[in-house]
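*Asks:* Next up is a structure, given as structure tokens.
Any read-out appearing in this document is the output of simple, stated calculations on the displayed coordinates, not a laboratory observation. Remember, predicted model here, so these are calculated numbers, not experimental data. Positions of Cβ are generated from backbone atoms using ideal geometry, with glycine treated the same way; all protein chains shown enter the neighbour counts.
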Protein chains: 2
Amino acid sequence: MSKPVLRADARRNRARVLAAAEEAFAADGLAVPLDDIARLAGVGAGTVYRHFPSKEALFQAVVVERLEQYADEAQELIDSAAPASAFYDYLPRVIEQAARNRAMCEALGAAGGSTYKAETGERFRVNLGALLERAQSAGIVRSDIDTDDLRALIVGALAVERYAPGNQRVVQVLLDGLRVG
Amino acid sequence: MSKPVLRADARRNRARVLAAAEEAFAADGLAVPLDDIARLAGVGAGTVYRHFPSKEALFQAVVVERLEQYADEAQELIDSAAPASAFYDYLPRVIEQAARNRAMCEALGAAGGSTYKAETGERFRVNLGALLERAQSAGIVRSDIDTDDLRALIVGALAVERYAPGNQRVVQVLLDGLRVG
DNA sequence: GACCATACGGAACGCGCGTTCCGCTTGTCA
DNA sequence: TGACAAGCGGAACGCGCGTTCCGTATGGTC
């Protein structure tokens, strides 16, 4: 249950694998062959499996790391920015970042996220909800949507971005739809 | 180049394969194994390949058929309904139909549709554009978006529907974003 | 009813990829 | 510095699936 203290080379290799996975998954999503990740990391396939029980688990690790970053960014805005600007700063930024990252598109878009969604990215969800509620209280965002609706909208925006990269107008339509009517 | 006149059983089997493919692709998308389709159609795998050069081609055939239906529906509304109601009738309907059909979600969402998109579904695209322009001329839809933007929005809506099925509110946000601001 | 091109079924093939295994290497600690 | 556990690489395995092949069946025709 605890950490049996990793050997130095093991620690180094683990970091390499994570970095390689981050890059490879971002570019090609879950579809990237695990051997490619191993080669990119400069290790053998067996080494990857020493550190992660499965390809899926490695993917999870990468995704969770990113979701924590997103949660951090949200937290900063919650702490320091006005409700209105915080919300409308954050949303396009997260959408753009995630759209450039196929791993995040697939992870966020996975219908329901069902199985393991429970704890994964909970902090992201909570902070997203906080940003939303503050914006709603400030009267700048329509009040008939909740956190899950917003998350769904982000998924939609990601699909749009992947379909027509860099199309500002379409994402703008989404944002305009959120404003109080 | 022409039709060498199909034998009766061949014609029957071709129809069965198409029907089975329609059902299977709708449920599971391109991921469904071709053997499953063959079994569902009550034929052998070889028979499927006698009628379609590849699984991908069969998928295409199914998708094109559906796109023609969508184009037909658009045409009817163009011919008989007022610009405003035509547009806002059509969009949710197509979104709902396509969302229930994984094949259509994947086909429409395929980034760019690049390779073969040229002619495939062109009639759908054209009619969609007509509905949009009429609604814009009537002053009921913002004028800063074009047909491709609208198509991208549909892709986004499909992603939303698949993520949170039956969520009326989210699709409503999209539609509201389209109205003149 | 017989002939034969057309069409059929499903076994077999090839390939890609996730995962496992095992003989060898290397960091660690006394 | 020697010994041993921890870690490593990459070959090998198993499986799923798209595609092909070929011996058999059958609809159309005279």
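*Asks:* Can you give the angle from 0 to 90° between the axis of helix A:168-178 and the longest principal axis of chain A, with both taken from C-alpha atoms, to the nearest 10?
*Replies:* 60
*Asks:* Mind checking which of B:LEU158, B:LEU128, B:LEU34 has the largest fluctuation in a GNM of chain B, springs on alpha carbons under 10 Å?
*Replies:* Greatest mean-square fluctuation among the candidates belongs to B:LEU34.
*Asks:* Additional query: Based on alpha-carbon centroids, what's the gap between region B:24-59 and region A:127-181 in Å, whole number please?
*Replies:* 39
*Asks:* Where is the GNM fluctuation largest for chain B (alpha-carbon springs, 10 angstrom cutoff): B:SER137, B:SER54, B:SER80?
*Replies:* Judging by the Gaussian network model, the answer is B:SER80.
*Asks:* Under 1.5 on a/c is rounded, so check that first for the protein assembly as shown, then, if it is not, pick prolate when a/b is larger than b/c and oblate when it is not; a ≥ b ≥ c are the square roots of the alpha carbon gyration tensor eigenvalues.
*Replies:* Taking the square roots of the gyration eigenvalues as a ≥ b ≥ c, the protein assembly as shown is oblate.
*Asks:* If you don't mind, another one. Which GluC sites (Glu not before Pro) in region B:52-161 pass both tests, a DSSP loop state and at most 13 other beta-carbon atoms within 10 Å?
*Replies:* Loop-located and lightly packed - B:GLU119.
*Asks:* How large is the dipole of chain A about the Cα centre if only Lys and Arg carry +1 and Asp and Glu carry -1, each at its Cβ, rounded to the nearest 20 debye?
*Replies:* Roughly 600 debye for chain A.
*Asks:* Among B:LEU18, B:SER85, B:VAL63, flag the residue with its Cα farthest along the positive direction of the charge dipole of chain B, charges on Cβ as +1 for Lys/Arg and -1 for Asp/Glu.
*Replies:* So the residue furthest toward the plus end is B:LEU18.
*Asks:* Which net charge results for the neighbourhood of B:ARG93, defined as the other residues with beta-carbon distances under 12 angstrom from its beta-carbon, given Lys and Arg at +1 and Asp and Glu at -1?
*Replies:* Net of charged neighbours comes to -3.
*Asks:* With everything on Cα atoms, drop me the angle between helix A:55-80 and the longest principal axis of chain A, reported from 0 to 90° to the nearest 10.
*Replies:* In chain A, helix A:55-80 runs at an angle near 40 degrees to the longest axis.
*Asks:* With contacts defined as alpha carbon pairs under 8 Å and 6 or more residues apart, what's the relative contact order of region B:59-178 in percent?
*Replies:* Worked out over region B:59-178, it gives 33 percent.
*Asks:* Quick one: among B:ALA86, B:ALA24, B:ALA15, which has the greatest mean-square fluctuation in a GNM of chain B with alpha-carbon springs under 10 angstrom?
*Replies:* Highest fluctuation among the options: B:ALA15.
*Asks:* With 10 angstrom as the radius, rank A:ARG102, A:ARG93 by how many other C-beta atoms surround their C-beta, starting from the fewest.
*Replies:* Result, fewest neighbours first: A:ARG93, A:ARG102.
*Asks:* Apply the a/c threshold of 1.5 to the C-alpha gyration tensor of region A:59-178 and tell me whether it is rounded, prolate or oblate.
*Replies:* Here region A:59-178 falls in the oblate category.
*Asks:* In addition: Let's test the formula: R0 of 35 Å, r as the Cβ-Cβ distance of B:ALA82 and A:ARG179. What FRET efficiency results, to the nearest 0.05?
*Replies:* 0.80
*Asks:* Tell me, what is the FRET efficiency for A:GLU68 and B:ALA15 to the nearest 0.05, using R0 = 45 angstrom and their Cβ-Cβ distance as r?
*Replies:* On the way: r = 53 Å, r/R0 = 1.18.
Here the calculated transfer efficiency is 0.25.
*Asks:* Please state the charge dipole magnitude for the protein assembly as shown, taken about the Cα centre, from unit charges on C-beta atoms (+1 on K and R, -1 on D and E), reported in debye and rounded to the nearest 20.
*Replies:* That gives a dipole near 1080 debye.
*Asks:* So what is the 222 nm mean residue ellipticity for the protein assembly as shown from helices alone, if each DSSP H run of at least 4 adds -39500 (n - 2.57) and you divide by all residues, rounding to the nearest 500 deg cm²/dmol? Each step should come with its number before you reach the end.
*Replies:* Numbers: 18 runs with 262 residues, N = 362.
Mean residue ellipticity at 222 nm (helix-derived): -23500 deg cm²/dmol.
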